[in-house]
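Data block below; observations after.
Just so you know, all these numbers are worked out from the coordinates, no wet-lab data involved. The structure presented is a predicted model; accordingly, all values stated were derived computationally and were not measured. For neighbour counting, all protein chains shown are included, and Cβ atoms are generated from backbone atoms with ideal geometry for every residue, glycine included.
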Amino acid sequence: MLKLSQLATALAVVVATGTAMAGEVEVLHWWTSGGEAKSVAELKKIMEGKGHTWKDFAVAGGGGDAAMTVLKSRVVAGNPPAAAQIKGPAIQEWAREGVLANLDATAKAEKWDSLLPKGVADVMKYKGNYVAAPVNVHRVNWMWANAEVLKKAGVAGAPKTWDEFFAAADKVKAAGLIAVAHGGQNWQDFTTFEDVVLGVGGARFYEDAMVKLDQKALTSATMTKVLETFRKIKTYTDPASPGRDWNLATAMVIDGRAAFQFMGDWAKGEFTAAKKMPGKDYLCAAAPGTGNAYTFNVDSFAMFKLKDAGAQKAQADLAAAIMGPQFQEVFNLNKGSIPVRLNMDMAKFDDCAKMSSKDFVATSKNGGLVPSVAHGMAVSPAAEGAIKDAVSQFWNDDKISVADGVKNIAKAAATK
Ligand code: BGC
């Protein structure tokens with residue numbers, strides 16, 4: 001039996017470490033690349049510091065399609081994780097199922113309404129209640145370039161228009177190197193595709209075609225130009241690109257095997273993990289023609305309803321940690337994104353992040369800020385899946401004419 005003095009000591013430890021209500025948090029995410037793993041390790045550290053047990057539930061697969069499939073089967077089986085990386089319109093779909101926990105108590109105590117851009121807060125809420133906590137803002141319309149490769153090929157700086165881009169890519173090819181490092185998976189094909197829609201058509205056209213899924217825009221002459229440009233980019237990729245993971249494509253740019261990659265700024269997390277310096281070893285620039293626009297992608301975590309009090313406390317602590325200034329800084333320094341929490345000090349961030357932060361504010365005022373379809377920010381998961389498939393079929397099969405490609409994509413966009 002425990003003696004009274006031992007009991008007192010045990011209680012004192014519990015009070016001092018604050019672990020009276022410690023719980024386990026099982027967190028589903030798809031952050032498995034070098035830069036991503038470093039980022040999520042910071043969240044684990046904070047949670048363990050609060051006395052909770054972190055149960056990592058990582059499902060590899062960039063873009064998160066595989067993670068979402070696994071999540072569905074766990075929830076259907078009545079065994080959801082404590083938290084899962086869920087974002088954009090999918091948050092509403094999960095909330096409608098009645099399985100998400102209400103985070104209002106934490107949001108109120110931590111003043112989330114005043115710390116988040118309203119547009120982001122709205123996406124995190126279902127019927128006015130917070131059901132998800134945002135971690136960052138990723139910019140998707142980036143082009144990454146190896147500085148040394150550009151120099152070798154005689155390319156002066158990052159191309160700003162698609163014409164300049166193709167001229168630069170020709171020079172890289174002539175120098176015997178791969179111009180575009182591409183990972184042939186449907187979400188990566190689409191990441192490039194939405195850059196082209198934005199670069200060729202502009203932000204208004206992007207909104208009409210990609211967000212409103214307006215049939216007139218989707219079947220317009222601009223869309224024909226988009227598909228022609230998109231198909232041309234493929235001629236600058238290497239034959240080994242089908243199926244390649246995004247971080248392996250980034251590694252090709254890091255190592256100097258390739259000149260460019262079109263990818264969101266989680267790619268910068270790979271450059272950072274490889275100790276490469278922006279402006280010196282590599283360049284970050286908006287994808288051609290998209291300098292005045294910004295495709296955003298906000299990562300967030302939703303919590304599932306759990307009965308255990310310790311688990312609930314751990315969920316509340318996780319939500320608070322995610323929005324806390326310490327995590328917002330260290331996570332985003334590693335991840336390549338910028339903090340979603342407003343008024344954060346950007347002193348420790350590099351020039352790419354500073355540019356992202358500046359452009360995020362500027363485009364939110366001039367109409368250039370648009371949601372990324374490739375990264376689940378714009379349309380329902382069903383419509384997104386259908387358009388992604390149509391775009392990838394066109395990318396992979398040169399026998400599909402541009403006219404048919406336009407028709408197929410417009411038809412897929414009509415999926416409810
Ligand atoms: C997520 C990022 C992630 C990337 C690659 C995106 O959809 O928002 O956080 O790094 O996919 O997996």
Projected area, mean over directions - the stretch 90-141, Cα convex hull, nm²
4.0 nm²
Want the number for residue 225 to residue 255: 0.36 nm per residue separation, take away the alpha-carbon distance, what's left?
7.5 nm
Pairwise label distance in nanometres, residue 347 with residue 366, each label 7 Å out on the Cα-Cβ vector:
3.0 nm
Under 14 Å from the Cβ of residue 89, count the other residues' Cβ atoms, weight Lys and Arg +1, Asp and Glu -1, and hand me the total.
+1
Could you tell me which of 100, 177, 190 has its Cα farthest along the dipole of the chain towards the positive end, charges placed at Cβ (Lys, Arg +1; Asp, Glu -1), taken about the Cα centre?
100
Under the 7 Å Cα-to-Cβ spin-label approximation, residue 104 and residue 41 lie apart by a distance in nanometres of 4.0 nm
R0 of 60 Å, Cβ-Cβ distance residue 148-residue 308: FRET efficiency to nearest 0.05:
0.65
Largest first and rounded to whole Å, the semi-axes √(5λ) derived from the alpha carbon gyration tensor of the stretch 300-369 read 30, 15, 9
Only helices counted: for the chain, with every DSSP H run of 4 or more residues adding -39500 (n - 2.57) and the sum spread over all residues, [θ] at 222 nm is -15500 deg cm²/dmol
Going down the table (45/125; 280/354; 160/232; 335/358; 276/365), which pairs top 24 Å between alpha carbons?
45/125; 276/365
Given labels modelled 7 Å from the Cα in the Cβ direction, how far is it in nm from residue 70 to residue 281?
2.9 nm
Dipole axis of the chain (+1 Lys, Arg; -1 Asp, Glu on Cβ), positive-most option in 385, 259, 328:
328
